[in-house]
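Below is one structure, written out as structure tokens; comments come after it.
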Amino acid sequence: MPRTPDTASFKFNHTMLRVKDPQASLKFYTEVLGMDLVAKNEFETFTLYFLAFDHGSPTTPENRFAREGILELTHNHGTESDPAFPGYANGNADPGRGFGHIAITVDDIAAACARFEQLGVKFQKRLTDGKMKNIAFILDPDGYWIEIVPGSLSL
């Protein structure tokens, strides 16, 4: 269905993941994936972290809802130090199957995967695994799957 004047300005702005330990997650998304922390909003019982790849024009708290491709990490205070907290369902196993993954495009997938390997990042699927040899899946600190894809991909 073509876009109508009613939906012409709609954009996919962000997706949200709940995280147990914000420091581990922020380190992963900024240092391993190279995202920028563009905003942080602290509330009494939770904190929101907004990350993005800023390519040329910086994302600010004022314009972050006007762009696409934002990742929101939500930390519910206390989960990081609660030994009884079981963690969040990643959506790829029961119970909680539903959400699948986010995806990141890279210029050189082999080089990116070699770098992830050197950094000790956990893989769900390496390039050499399975039938699809042109994609990989890594895991963030909470076990969320991140698909790594090349800039050009034929399925």
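Listed cross-link partners LYS20/LYS125; LYS20/LYS133; LYS20/LYS122 are compared with a 25 Å cut-off, the Cα-Cα value being larger for LYS20/LYS133.
Peptides 5-15, 145-155 ranked from most to least packed, by the mean per-residue count of other Cβ atoms within 10 Å: 145-155, 5-15. Taking every alpha-carbon pair under 8 Å whose residues sit at least 6 apart, the stretch 16-155 reaches a relative contact order of 22 percent. Think of the chain as having a plus end and a minus end, set by charges on the Cβ of Lys, Arg, Asp and Glu; of THR105, ASN63, GLY120, THR105 sits farthest toward the positive end of this dipole. Taking only the alpha carbons of the chain, we obtain Rg and Dmax values of 16.9, 51 Å in that order. Taking ARG64, ARG115, ARG18 in turn, the Gaussian network model of the chain (Cα-Cα springs below 10 Å) assigns the largest fluctuation to ARG115. Extension gain for ASN76-ILE102 works out to 7.3 nm (0.36 nm per residue, less the C-alpha to C-alpha distance). In the chain, helical runs assigned H by DSSP with n ≥ 4 each contribute -39500 (n - 2.57); averaged across all residues and rounded to the nearest 500, the mean residue ellipticity at 222 nm is -3000 deg cm²/dmol. Cross-link reach is defined here as a Cα-Cα straight distance under 13 Å, omitting same-chain residues fewer than 8 places apart; for LYS11 the aspartates and glutamates meeting it are GLU68.
Let me spell out the model: positive unit charges on the Cβ of Lys and Arg, negative unit charges on the Cβ of Asp and Glu, origin at the Cα centre of the stretch 60-155. What dipole size does that give, in debye rounded to 20?
Dipole about the Cα centre, nearest 20: 380 debye.
Look at the dipole of the chain built from charges on Cβ: of ALA39, TRP145, TYR49, the Cα furthest out on the positive end belongs to TRP145.
Using the Cβ-Cβ distance between MET132 and SER57 with R0 set to 35 Å, the FRET efficiency works out to roughly 0.55. Taking each residue as 0.36 nm, the span from LYS27 to ALA8 lengthens on full extension beyond its C-alpha to C-alpha distance by 3.2 nm.
Only the coordinates and a few stated rules stand behind these numbers; no lab work does. Here the structure is a predicted model, which means the values were calculated and not measured. Heads up, the Cβs are rebuilt from the backbone with ideal geometry, glycines too, and the neighbour counts pull from every protein chain shown.
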